[in-house]
Amino acid sequence: MHPARQRNGAFIVLSICCAILLATAAGFGAATLWLSNVAPTSAGTPSPDPTPRVGGSAESKPQTVQGFDVTTVSDLTFGAFALSATDEDGFTVIYAKIENDDPANAAEVYFDITAYGPDGRVVGRTPSNMYLLPGQRSLFYGIMASDMTKVDRIKIEQTNFDLAPPVVSGDVSVDSILGGEEGLVEATFTSAFSTPSEYAEVYIAGFIDEQLFAVCQDKADIPASGGTFTVRCRLDAVSTDRNPQAIDEIPEDAVFDAYWALDIPQ
């Protein structure tokens, strides 16, 4: 699909890949979100030696991403991975579509992301976590602070996994996604959630030929049913190749999707 060329202020209308965000959750507040070349943060401490808790899941077949083999051990379903460039602070971010296949229960899951050198030694390890509602499809992200010049392979291991009834119900619809100069995007949403929810992670992702090429993200408060909100953020380039290029203009053949993930219930 091609983005329409109709202008709306400083933005052009972008093709929307998916009009409904899969949900059974809580809400997005009318917060304005910005992210510009800043690595996201992950709470928690990595395990000294990951001991995955999975329901019989074996290690996945490796995907080659920017020359690294990436594998997962998880009860959740992962899609294709993409990596950001390493920023000036030494952080590299890894992304992939992720889905909770359970139709009735929410999944609370913790991961360790381990980078290994060619000799099999650990180069670095960082944690990540997600809360996914029944049947929800979202975007996994994890931060790596390793010296990527020393990395041979990356393994994402589930270290804790619990299924439980969801804390909220409802859905979120994407009303529009607009694109502007220098990779700025703006998405408008309408909530149908049963109750509000704070600190949801919001992602806007761009694809070319179904391959992820750009992501931006930040947190927002989601309102209850009937509430609308707008998200603005600046896209960071990601790629399966060695050198993701900074995004100055949004490609005409790009399509966009929006994802969210609630904070883990306390």
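The values are calculated or read from the model by the stated rules, or taken from the named source; none is laboratory data. The shown structure was predicted, so the numbers you read here are calculated from the model rather than taken from an experiment. Here the Cβ is made from the backbone with ideal geometry for all residues, glycine too, and neighbour counts use every protein chain on show. For the accessible areas, the whole protein counts, side chains as well, though only heavy atoms, and no ligand, DNA or RNA atoms are used. Shrake-Rupley method; radii C 1.70, N 1.55, O 1.52, S 1.80 Å.
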Say we look at region 127-158 and pick out the residues that are farther than 16 Å from Val73 by Cβ and of a type in the set (Val, Ile, Thr); which of these is farthest from the chain's Cα centre (by Cα)? Thr149
In region 77-94, what residues are open to solvent by 30 Å² or more (accessible area, probe 1.4 Å), of a type in the set (Ser, Thr, Tyr) and more than 30 Å from Pro166 (Cα to Cα)? Thr86
Picking from Glu201, Glu252, which residue would you name as being touching a His at 6+ places or on another chain (Cβ under 8 Å) and either buried (at least 18 other Cβ atoms within 10 Å of the Cβ) or of a type outside the set (Gly, Ala, Ser) (or both)? Glu252
Tell me yes or no: at least one residue of region 56-63 is at pLDDT 55 or above and open to solvent by less than 50 Å² (accessible area, probe 1.4 Å). yes
Log entry, pairs with first residue in region 208-228 being under 15 Å from Lys97 (Cα atoms), second being open to solvent by 70 Å² or more (accessible area, probe 1.4 Å) and assigned to a strand (DSSP E or B), beta carbons closer than 9 Å, six or more apart or on different chains, reads Glu210/Ala80; Gln211/Ala80; Leu212/Ala80; Leu212/Lys97; Cys216/Arg232
Qualifying position, being modelled with pLDDT of 95 or more and crowded, with 22+ Cβ neighbours inside 10 Å, among Ala214, Ala220, Ala164: Ala214
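Being hydrophobic (A, V, I, L, M, F, W, C), crowded, with 23+ Cβ neighbours inside 10 Å and touching a Pro at 6+ places or on another chain (Cβ under 7 Å) narrows it down to one residue among Leu139, Leu133; which is it?
That would be Leu133, the only listed residue that is hydrophobic (A, V, I, L, M, F, W, C), crowded, with 23+ Cβ neighbours inside 10 Å and touching a Pro at 6+ places or on another chain (Cβ under 7 Å).
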Find the residue count for region 221-266, including only residues that are within 16 Å of the chain's Cα centre (by Cα), under 15 Å from Val172 (Cβ atoms) and either among the hydroxyl-bearing types (Ser, Thr, Tyr) or outside any strand (DSSP E or B) (or both). 1
Of the conditions (1) at pLDDT below 95; (2) open to solvent by 50 Å² or more (accessible area, probe 1.4 Å), Lys97 satisfies every one except a single condition; which number is it? (1)
